[in-house]
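Beneath this line is the structure, given in C-alpha cells, with notes to follow.
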Amino acid sequence: MEFLLLAVIIFIALLFVFINGFHDTANVVATTIATRSLSPYQAITLAAVFNFIGAFFGTGVAATISQGLLDASMVTHLVLISALLAAIIWNLITWMFGIPSSSSHALIGALAGAGIATGGVHAVNYTTLVDKVILPMVLSPIIAFVLSLIIVLVVMHTLQNNARPRKANNFIRELQVLSTSLLSFSHGSNDAQKNMSIIVMALFSFGLVSNVTHIPFWVTAVCGVAMAAGTLSGGMKIIKTLSTRVAKLRPANGFAAELSSGALIFAASHFGLPVSTTQAVSGSIMGAGSTGNVGVNWSVVRQMVTAWTLTLPSCMLLSAGVYKLLHLFFG
C-alpha cells in the first residue's frame, strides 16, 4: 500500500512537471517566435533540449523548497498530494485563459497552504518565504526590466552605427538562438529543481532517503524528461500573449529580453532562489519593448501583474481546501 501511495505522489509530481513544461514554454520561446528568428517548432524543440540539460545543473533551489519552506515533520503524503493537485489546477486555469502566471509560485503557495492546513500557521518558515520567494517575486521583474532596457539600448546604438543594418539584424537573429538556449537552460535548472524537491520530500517521508537535500540521479533524469516532454507539447495560448500582446518585438528587443532574463534566472539558480521564469521574462519583454517605436501594451501588463499577485494566496487557499477535502476521505 505504501509503495502504491509513493507511486501516486511521484506520478502527480511528474504530471505537474509536464504541465510546467508546456505552461512555461511560452516564457522561453515567445520572443524568438515573435521576431521570427526561429519557427515555433524549431524554438520549442530547442527549448525542450536545453530544459532537459539544465535540469542536471545545481540543487540549491531544491534545497530551499525541501528543507527551508516547511517544517519537515509537517510534510506528509496528503500535504504533498494536496499541494501538487492545487498547483496543477491553478496552472490549467491560467493556461486556459492564456495568462502567463508563475508555476513556481503556484507550487510554493500550494505547499505553504497545505502545510498550514495540517500544522497551523507555524508550519511555514516565513523568513524563507519572504526572503527567498516574495522578495525575488517583487524584484525579479524589476531587475529584468532594467537589465533588458540597458542591453537593448546598447544593441540598438550598435545597430544605428552599422552601415549595413539588414545584415546586422540577421546577425542578431542568429544570436537569438544562443540567447534562447541560455534562457531554456536557466529555466530547466531553476524549475526542474522545484519539482525534484517534491519527489525527494516524498522519498524522505517514506524513509527511502536520509537527507532531503540529496537528489538521486534518477529523480533528476525523470524530471528533466517530463519537463522536456511538456515543453514539446507547446502552450500556444500563452506564447501568443507574450509574443504579440505585451509588445511586438524586433530582433534586437527579443535578444535583449532573452539574454537579460536568462542571465537573471541562471544567477538565481546559483544562489538557490526559486524565481519565476514567467515574471523574469515578462519583465524583460517590458523593458525591451519600452524603447523606440515598439511600445508596451500596459493593459495586458496589468492583467499579468494581477495574476502574479493572486497566484501565491490563491494557491495557498486552494491547497488548504484540497487538503481538508482529502483529509475528510483519507485522513
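The values are calculated or read from the model by the stated rules, or taken from the named source; none is laboratory data. The shown structure was predicted, so the numbers you read here are calculated from the model rather than taken from an experiment. Glycine gets a Cβ as well: all are built from the backbone with ideal geometry, and neighbour counts include every protein chain shown.
Within the range 281-293, residues that are farther than 16 Å from residue 155 by Cβ sit with their Cβ atoms under 9 Å from residues that are polar (S, T, N, Q) and modelled with pLDDT of 85 or more, at 6+ positions apart or across chains, in these pairs: 281/261; 282/261; 282/276; 283/140; 283/148; 283/260; 283/261; 286/148.
For the range 223-331, the helices (runs of 4 or more DSSP H) that sit wholly inside it and include 2 or more residues that are at pLDDT below 80, under 17 Å from the mean Cα position of the chain (by Cα) and under 30 Å from residue 196 (Cα atoms) are 236-240. When residue 6 is tested against (1) surrounded by fewer than 19 Cβ atoms within 10 Å (Cβ to Cβ); (2) touching a residue at least 40 places away in the same chain (Cβ under 8 Å); (3) closer than 24 Å to residue 93 by Cβ, exactly one condition is not met: (3). For residue 156, the requirement of being touching a residue at least 24 places away in the same chain (Cβ under 8 Å), under 30 Å from residue 70 (Cα atoms) and of a type outside the set (Lys, Arg) is not met. Filtering the range 51-79 to residues that are under 20 Å from the mean Cα position of the chain (by Cα) and either modelled with pLDDT of 95 or more or over 19 Å from residue 213 (Cα atoms) (or both) leaves 51, 52, 53. Within the range 19-44, the set of residues being in contact with a helix residue (DSSP H, G or I) (Cβ under 7 Å, 6 or more places away or on another chain) and surrounded by fewer than 21 Cβ atoms within 10 Å (Cβ to Cβ) comprises 38, 40. Yes or no: the range 50-57 includes at least one residue that is farther than 23 Å from residue 254 by Cβ, surrounded by fewer than 18 Cβ atoms within 10 Å (Cβ to Cβ) and either touching a Ser or Thr at 6+ places or on another chain (Cβ under 8 Å) or among the polar types (S, T, N, Q) (or both). Yes; the residues of the range 50-57 include at least one that is farther than 23 Å from residue 254 by Cβ, surrounded by fewer than 18 Cβ atoms within 10 Å (Cβ to Cβ) and either touching a Ser or Thr at 6+ places or on another chain (Cβ under 8 Å) or among the polar types (S, T, N, Q) (or both).
Hey, any hits in the range 201-215 for a residue that's under 19 Å from residue 181 (Cα atoms), surrounded by 18 or more Cβ atoms within 10 Å (Cβ to Cβ), of a type in the set (Phe, Trp, Tyr) and modelled with pLDDT of 85 or more? I'd like the intermediate steps shown before the answer.
Going through the range 201-215, the residues under 19 Å from residue 181 (Cα atoms) turn out to be none.
No, because not a single residue in the range 201-215 is under 19 Å from residue 181 (Cα atoms), surrounded by 18 or more Cβ atoms within 10 Å (Cβ to Cβ), of a type in the set (Phe, Trp, Tyr) and modelled with pLDDT of 85 or more.
Within the range 38-91, the residues that satisfy the criterion of being touching a residue at least 24 places away in the same chain (Cβ under 8 Å), not in a helix (DSSP H, G or I) and not charged (D, E, K, R) are 38, 55, 56, 57, 58, 59, 70, 75, 76.
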